[in-house]
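Here's the structure we're looking at; comments come further down.
The values are calculated or read from the model by the stated rules, or taken from the named source; none is laboratory data. All figures in this text were calculated on a predicted structure; none of them were measured in a lab. Cβ atoms come from the backbone with ideal geometry, glycine included; neighbour counts cover every protein chain shown. Side chains are part of the model used for accessible areas, which takes the heavy atoms of the whole protein and leaves out ligands, DNA and RNA. Shrake-Rupley method; radii C 1.70, N 1.55, O 1.52, S 1.80 Å.
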Amino acid sequence: MKVEKLAVQGAFRFTPEVFADRRGLFVSPFQRAPFAAANGGPLLPVAQTNHSVSRRGVVRGVHYTSAPPGTAKYVYCAAGAAIDIVVDVRVGSPTFGRWDAVQLDSREFRAVYFPVGVGHAFVSLADDTIMSYMLTGAYVPEHERVVSVFDPALGLPIPTDLETIVSDRDRVGPSLAETAEAGLLPDYQQCQVLEQQLYQVAH
């Protein structure tokens, strides 16, 4: 498992070894030891797993969870391909407003770790793209927030040759600046504390 830091503080890319033969392939997108070495936590305290299927051109995000309670997630692509984007929306973070993107697909099975408080978006590049998530908290609708994936100040890498398909909620999402003005963005220091508490409980 190859582990690389991303441009957003606390986010990582994981690239596992894929074992392929005439029958197909075998891969372990999540492995405890490399994750613990990178993140300093004994394990990922999974509370819920999610599975989404998207047509080509679907854009989801930028989604984040208010903190508290805060949620961390580990995401990989089980089928198809997507541009997966991590956006730092944590006020006070050394990388606030920055983003990084990783192509996830069912050939290399890269995965991305999203620390507590950061935003997540992705662009489906193929029909029937399946994204698999492990989350440290249960989904609670009133805790979920959105920042516009089309915010020009962010400049996220949305391909211009795609006919995008976006939910009504995501289409009218506020800009990062508007969300900050409304006081809805997570605080970086508080997110750090919440993440430490997650792993202390897991340990």
For residue 48, which sequence-distant residues (separation of 5 or more, or a different chain) have an amide H within less than 5 Å of its own amide H, given hydrogens modelled in the peptide plane? 135, 137
Given contacts defined as C-alpha pairs under 8 Å and at least six residues apart, what's the relative contact order of the chain, whole-number percent? 29
What number comes out for the charge environment of residue 145, summing +1 per Lys or Arg and -1 per Asp or Glu over other residues with Cβ under 13 Å away? -2
Calculated FRET efficiency for the pair residue 187/residue 32, C-beta based, R₀ 30 Å, to 0.05: 0.50
Provide Rg and Dmax in Å for segment 5-77, with only Cα atoms included in the calculation. 15.1, 48
Residue among 20, 72, 177 with the largest mean-square fluctuation in a Gaussian network model of the chain, springs linking Cα atoms under 10 Å: 20
How much length would be gained if the chain were fully extended between residue 128 and residue 46, taking 0.36 nm per residue of separation minus their Cα-Cα distance, in nm to one decimal? 27.0 nm
Karplus-derived 3J(HN,Hα), 6.51/-1.76/1.60, for each residue of segment 84-98, Hz, glycine and proline x: 9, 10, 10, 10, 7, 10, 8, 5, x, 5, x, 10, 4, x, 8
What accessible area per residue comes out for segment 28-74, rounded to a whole number of Å², with a 1.4 Å probe? 44
Neighbourhood charge, 13 Å Cβ-Cβ cut-off, centred on residue 90 and excluding it, Lys, Arg +1 and Asp, Glu -1: -1
Can you give the Kirkwood hydrodynamic radius of segment 50-152 from its Cα pairs, in Å with one decimal? 13.8
Structure-derived Cα Rg over 2.2 N^0.38 Å - corresponding label in [x] 0.93; [y] 0.98; [z] 1.11: [y]
Convert each backbone phi in segment 106-123 into a coupling constant with the Karplus relation 6.51 cos²θ - 1.76 cosθ + 1.60 (shift: θ = phi - 60°), then list the ³J(HN,Hα) values in order as whole Hz, x for Gly and Pro. 9, 10, 9, 6, 4, 9, 10, 9, 10, x, 4, x, 7, x, 10, 9, 8, 10
Tally Lys and Arg at +1 and Asp and Glu at -1 over the other residues with C-beta under 10 Å from the C-beta of residue 129: what net charge comes out? -1
Counting only residues 5 or more places away or on other chains, whose amide H sits under 5 Å from the amide H of residue 95 once H atoms are built in the peptide plane? 9
How far apart, in nm, are the 7 Å Cα→Cβ label points at residue 66 and residue 172? 1.9
Show me, for segment 173-186, the HN-Hα J-couplings you get by feeding each phi into the Karplus relation (A = 6.51, B = -1.76, C = 1.60, θ = phi - 60°), rounded to Hz, glycine and proline as x. x, x, 6, 4, 5, 5, 5, 5, 4, 7, x, 9, 8, x
Which value, in debye to the nearest 20, describes the size of the charge dipole of the chain about its Cα centre when Lys and Arg Cβ atoms bear +1, Asp and Glu Cβ atoms bear -1, and nothing else is charged? 540
Of all trypsin sites (Lys or Arg not before Pro) in segment 7-107, the ones in DSSP coil with at most 11 other Cβ atoms within 10 Å are 22, 23
Most mobile of 140, 58, 87 per a Gaussian network model of the chain (Cα springs, under 10 Å)? 140
Taking the Cα centroid of segment 102-128 and of segment 166-203, what is the distance between the two, rounded to the nearest whole Å? 18
Rounded to a whole %, the carbon-and-sulfur portion of the accessible area of the chain at a 1.4 Å probe is 51
